[in-house]
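The values are calculated or read from the model by the stated rules, or taken from the named source; none is laboratory data. None of the values given here were measured: they were computed from a predicted structure. Methodologically, a virtual Cβ is constructed for each residue, glycine included, from the backbone with ideal geometry; neighbour enumeration extends over all protein chains shown. Note: accessible area is taken over every heavy atom of the protein model, side chains too, but ligands, DNA and RNA are not part of it. Shrake-Rupley method; radii C 1.70, N 1.55, O 1.52, S 1.80 Å.
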Amino acid sequence: MKPRILVTGGAGFIGSHLCSRLLERGHEVLCVDNFYTGSKQNIIPLLDNPRFELMRHDICFPLYVEVDEIYNLACPASPIHYQFDPVQTTKVSVNGAINVLGLAKRVKAKVLQASTSEVYGDPTVHPQPEEYWGNVNPIGIRSCYDEGKRCAETLFFDYRRQHNLRIKVARIFNTYGPGMHPNDGRVVSNFIVQALQGQDITIYGEGDQTRSFCYVDDLVDGLMKLMNSPDDITGPINIGNPVEFSILELAKVVIELTNSRSKIDKRPLPQDDPKQRKPNITKAKEILDWEPRVQLRDGIRKTIDYFDELLKKSA
Ligand code: NAD
Ligand code: UDP
Ligand code: UDP
């Protein structure tokens with residue numbers, strides 16, 4: 001029988017793509033979400049599928065269900081969202097991880113944590129390999145997310161050492177694609193929406209900070225390959241696209257592909273904004289035989305089409 005799979009945060013951007021792909025593979029999928037940042041809209045196309053079940057629940061509270069595998073994605077992910085109620089962000093990461101791990105322990109499920117490149121903070125090692133311990137400010141405005149996710153990783157490894165749980169930790173780097181929330185403040189969604197609406201493109205700082213952008217389909221492939229890897233493969237493992245762009249370069253690509261007349265508007269750089277980020281994905285290539293396939297321009301075109309349609313609908 002196919003494993004029954006729980007996806008926490010399944011109504012979010014990455015979660016809804018993951019639920020959809022798991023259903024395509026013939027799995028039974030239980031999506032648990034409290035709609036804090038996700039939306040029912042994202043999963044409406046899945047509701048007709050008899051193998052899909054939606055449960056409104058906050059993972060800060062215990063959850064008693066019977067499943068074989070768990071993808072733990074529940075957590076606000078964009079800086080605007082996770083800084084809106086920072087105490088809640090740490091609670092979701094830490095209490096959520098404890099509940100998901102307690103559940104996995106009781107039902108002997110395999111459990112995957114959606115961790116993040118933010119565990120590397122403002123990295124002094126470039127590109128970032130998994131062995132790097134990071135450079136994180138413990139008391140800044142990003143700490144609720146960064147330290148929450150670091151503590152969740154600790155819990156995952158302690159549940160493995162103490163209770164022999166089958167765990168998988170994926171360190172996800174910046175991901176984009178259709179299904180992103182238009183107002184979540186992330187750079188790809190902001191730039192595309194601004195360009196399509198003819199507004200100025202807001203660059204924080206000089207735009208020389210870098211990020212490496214992974215298309216969501218590639219990311220979901222990576223997460224599923226990690227989940228399906230042998231039990232001794234725990235990670236942490238970087239899942240991201242290693243092609244690095246400055247934020248100014250990204251702005252230029254978006255302006256070109258939208259044929260926009262938008263100008264650049266430079267704004268102050270937020271506190272603790274990482275200066276550079278690029279994954280070393282040697283481990284993912286060697287252990288999972290995974291690497292991203294979608295080039296930035298192709299992925300951005302698909303994301304532009306998605307936002308174009310969304311904006312036309314809401315006009
Ligand atoms: P998202 O905000 O779209 O999705 C998060 C989902 O979790 C939402 O549907 C939200 O409603 C739900 N949620 C939040 N708190 C919850 C709670 N207490 N109980 C139940 N559900 C709750 O974000 P996303 O981009 O899809 O990110 C998914 C996961 O991947 C997150 O854990 C995030 O930290 C991680 N991640 C994402 C990126 C990225 O670039 N998108 C990068 C690194 C890590
Ligand atoms: N938990 C849960 N679902 C389960 C089993 C446990 O939500 O099916 C929660 C439980 O409420 C507890 C947490 O997971 O707070 C950690 O469980 P664990 O068994 O590790 O610890 P304990 O119950 O001994 O505190
Ligand atoms: N950024 C920007 N303009 C925007 C939104 C973001 O210049 O309108 C910058 C931001 O300061 C950061 C980078 O783009 O340097 C990526 O930001 P995002 O919030 O998408 O992700 P994260 O900082 O978590 O990697």
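Can you give the net charge of the other residues whose Cβ lies under 10 Å from the Cβ of residue 112, counting K and R as +1 and D and E as -1? Working shown, then result.
Working: positive: 110, 166, 168; negative: 69.
The answer is +2.
Which of the three applies to region 150-280, rounded, prolate or oblate, going by the alpha-carbon gyration tensor with a ≥ b ≥ c and a/c under 1.5 meaning rounded? If you can, show how the numbers build up before the last one.
On the way: a/c = 2.90, a/b = 2.20, b/c = 1.31.
In terms of gyration-tensor shape, prolate.
Could you list which residues have their amide H under 5 Å from that of residue 201, counting only those 5 or more apart in sequence or on another chain, with H placed in the peptide plane?
263, 264, 265
Report the local net charge at residue 200: Lys and Arg +1, Asp and Glu -1, summed over other residues whose C-beta lies under 12 Å from its C-beta.
Values: positive: 261, 263, 266, 267; negative: 265.
Counting the neighbours of residue 200, the net charge comes to +3.
So, R0 is 25 Å and r is the distance between the beta-carbons of residue 199 and residue 305; what FRET efficiency does that work out to, to 0.05?
Details: r = 19 Å, r/R0 = 0.76.
In this case the efficiency is close to 0.85.
So, in nm, how far is label residue 64 from label residue 135 when the simple model puts each one 7 Å beyond its Cα toward the Cβ?
Going from the residue 64 label point to the residue 135 one covers 4.9 nm.
Pull up all non-local amide H partners of residue 58: gap of 5 or more, or a different chain, and H-to-H distance under 5 Å with H placed in the peptide plane.
Those lying under 5 Å, H to H, from residue 58: there are none.
For Cα pairs less than 8 Å apart in space and 6+ apart in sequence, what is the mean separation divided by the residue count of region 1-98, i.e. the relative contact order in percent?
Details: 156 pairs, mean separation 31.2, N = 98.
That works out to 32 percent.
For region 284-289, what does the Karplus curve 6.51 cos²θ - 1.76 cosθ + 1.60, with θ = phi - 60°, yield as ³J(HN,Hα) per residue in whole Hz, taken in order and with x for Gly and Pro?
Computed from phi, the couplings for region 284-289 are 4, 5, 6, 8, 9, 6 Hz.
Rounded to the nearest Å, what's the spacing between the alpha carbon centres of region 220-293 and region 77-118? Just the number, please.
Computed from Cα coordinates, the inter-centre distance equals 21 Å.
Stretch residue 246-residue 87 to full length: gain in nm at 0.36 nm per residue minus the Cα-Cα span? All intermediate terms of the calculation are to be shown ahead of the outcome.
Values: separation 159, 0.36 × 159 = 57.24 nm, distance 3.13 nm.
In short, 54.1 nm is gained.
Let me know the shape class of region 77-137, please: from the alpha-carbon gyration tensor, a ≥ b ≥ c as square roots of the eigenvalues, rounded when a/c is under 1.5, otherwise prolate if a/b is greater than b/c, or oblate. Walk me through the intermediate numbers first.
Values: a/c = 3.02, a/b = 1.38, b/c = 2.19.
The shape class here is oblate.
For the chain, give the percent of accessible area contributed by carbon and sulfur heavy atoms, probe 1.4 Å, rounded to a whole number. List each step's numbers first, then the result.
On the way: 7150 of 14380 Å².
Within the chain, the accessible surface is 50 percent carbon and sulfur.
In region 85-202, if the dipole is taken from +1 on Lys/Arg beta carbons and -1 on Asp/Glu beta carbons about the Cα centre, which of 124, 189, 96 is farthest to the positive end?
So the residue furthest toward the plus end is 96.
From the helices alone, meaning DSSP H stretches of at least four residues, give me the mean residue ellipticity at 222 nm for the chain, per-run term -39500 (n - 2.57), in deg cm²/dmol to the nearest 500. Write out the running numbers ahead of the final one.
Values: 10 runs with 125 residues, N = 315.
Theoretical 222 nm ellipticity from helices: -12500 deg cm²/dmol.
Mean separation of Cα pairs under 8 Å and 6+ residues apart, divided by the residue count of region 31-147: what relative contact order is that in percent? Walk me through the intermediate numbers first.
Numbers: 137 pairs, mean separation 29.0, N = 117.
Relative contact order comes out at 25 percent.
If you place +1 on the Cβ of every Lys and Arg and -1 on the Cβ of every Asp and Glu, how big does the dipole about the Cα centre of the chain come out, in debye to the nearest 20? If you can, show how the numbers build up before the last one.
Values: 39 positive and 40 negative charges, 68 e Å.
With Lys and Arg at +1 and Asp and Glu at -1, about 320 debye.
Sequence gap at least 6, Cα distance under 8 Å: using those rules, report the relative contact order of the chain to the nearest whole percent.
On the way: 612 pairs, mean separation 53.0, N = 315.
So the answer I get is 17 percent.
Per residue of region 187-194, in order, report the coupling 6.51 cos²θ - 1.76 cosθ + 1.60 (Karplus, θ = phi - 60°) as ³J(HN,Hα) in whole Hz, putting x for Gly and Pro.
Working through the residues one at a time gives 5, 5, 5, 4, 5, 5, 5, 4 Hz.
Under the Karplus relation 6.51 cos²θ - 1.76 cosθ + 1.60, θ = phi - 60°, what is the ordered set of whole-Hz ³J(HN,Hα) values for region 22-28, x standing for Gly and Pro?
Along region 22-28, the couplings run 5, 5, 4, 7, x, 7, 8 Hz.
I'd like to know which of 279, 240, 269 lies farthest towards the positive end of the charge dipole of region 229-315, counting +1 on Cβ of Lys and Arg and -1 on Cβ of Asp and Glu.
269
Taking Rh as the Kirkwood radius computed over C-alpha pairs, what is the Stokes-Einstein D of the chain at 37 °C in a medium of viscosity 0.692 mPa s, expressed in µm² per second? Show your work: numbers first, answer last.
Working: Rh = 19.8 Å.
My calculation gives 166 µm²/s for D.
So, for the chain, what is the accessible surface per residue at a probe of 1.4 Å, expressed in square angstrom?
On the way: 14380 Å² over 315 residues.
On a per-residue basis, 46 Å².
Looking only at the chain, where both bridge partners belong to it, what percent of the DSSP beta bridges are antiparallel (to the nearest 5)? Spell out each step's value before the answer.
Working: 3 of 38 bridges.
Of all bridge pairs located within the chain, approximately 10 percent are antiparallel.
Quick one: which residues, 5+ away or cross-chain, put their amide H under 5 Å from the amide H of residue 291? H built at 1.01 Å from N.
Result for residue 291 returns nothing.
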